[in-house]
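Here is the structure we will look at, set down as structure tokens.
The values are calculated or read from the model by the stated rules, or taken from the named source; none is laboratory data. Quick caveat: nothing in here was measured; it's all calculated off a predicted structure. Because the Cβ atoms are built from the backbone with ideal geometry, glycine has one as well, and the counts that use them run over all protein chains shown.
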Amino acid sequence: MQIIKRAVSRIILFLLVPFILAGPIAAVKATGDSQSEISRAGSSEVSELERGRYVKVEKVSRGAQVVKIGIEPSHIYSVDLATGTWAANLQVWWRWTGDIDPTETTYFTNNADASIGNTRTYEYYDAQGVPAPIILSSGEKYQRAIIQMGFVENFKLDRFPLDRQFLRIRIENDEWDSDRLVYEFDEANLSKEKQLPINGWISVGTQLSSYTHHYATDFGNSDEGIDNQDYSHLIYSMEIKRDHLQFYIKILFPLIIVLLASYSALAVRQLAAKSPLAIASTGLLTTLFFKQVYSNDLPSQAPVVLIDKIYLAGLLTVLMVFIRVVVRTQYKDPSGKFDELKLFMGRKSDLYFGLFVISMFGVLTSIIIIA
């Protein structure tokens, strides 16, 4: 009994120390908020955008109508990594001076109308009930709309479930090119609040970007030519991250319990008993099925993610325990009968081996989380 008690205390010690160290280090590694609530995004943001070439806006074409546009997210929901979509209720406003009304031709290039409903309700109408802007005291035209829309996003999954994501709203005009109309963010009137109304995630900040989007086709209109297919393109990007405590409580801690139960096969001190082999076998099967806990949250063709690596590390250690139990199995007599097995487990070498595999899992998991 004393040996088992000492072994259990050592197991707990060896198991907890790596995770106590890994948790804060991983948290520092995986977090770190944006320097400001609203900032300018870097050029790397366009690497995963739609087809075409994106160039940072340096100057506005002479004669182009400038439209100030603002976005205020009211509610964000249905962030689904498996389908690569999310939805939002937005308030969008336009301010401009000129003859072109941009409200009806403002196009959200990554909208997901095929899978999520899309509604747009304007605030101002004329006497005939047609959406029409009002004239501000500054002489500018102004319109505001409440928009309910779904969006498509190419989520980065490699750090799941300790991932950080960007929810991007991409805006163009589907009729007027950048020589006639240019969008600019109404930065003076955008909200400076950092918190976004979204359940299950933590808000980090908002980034604004302005590009000229050049399409590598004339869309069949040979009179215009490819050289005249430049459109003003804005990106309103909201960065979010997961609460790491959910990962530790919902995924990692249950996996640790399964692994501990499997490792206990090494501490069963009985003669002519099948318990160690049964425990090791059950632990191996349970670990194999553990993948189903989180696989439904990912696309079917998802790459190898962080939790996959942790899962494989756990599976490797359980397999090592299972192999050791099998190797330590002896036949009851020299005749080689399989009707009953004789196992000699619970020796000091078994306990030391258990401490070794537990420590190995802790170290591997710490490296995986921190890397």
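Just one of 319, 288, 312 is without any contact (Cβ under 8 Å) to a residue 12 or more places away in the chain, in a helix (DSSP H, G or I) and not small (Gly, Ala, Ser); which is it?
312
Within the range 86-111, track down each residue that is farther than 19 Å from residue 146 by Cβ and either of a type outside the set (Gly, Ala, Ser) or in a strand (DSSP E or B) (or both).
Residues satisfying the conditions are 96, 97, 99, 100, 109, 110.
Name the strands (runs of 3 or more DSSP E) wholly within the range 34-85 that hold at least 2 residues that are among the aliphatic types (A, V, I, L, M) and modelled with pLDDT of 55 or more?
Where strands (runs of 3 or more DSSP E) fall fully within the range 34-85 and carry at least 2 residues being among the aliphatic types (A, V, I, L, M) and modelled with pLDDT of 55 or more, they are 65-80.
Consider only pairs whose beta carbons are under 7 Å apart and that are at least six residues apart or on different chains; among these, list those whose first residue lies in the range 176-202 and is over 28 Å from residue 104 (Cβ atoms) and whose second residue is surrounded by 15 or more Cβ atoms within 10 Å (Cβ to Cβ) and among the basic types (Lys, Arg).
From the range 176-202, the pairs are 201/241; 201/242; 202/241.
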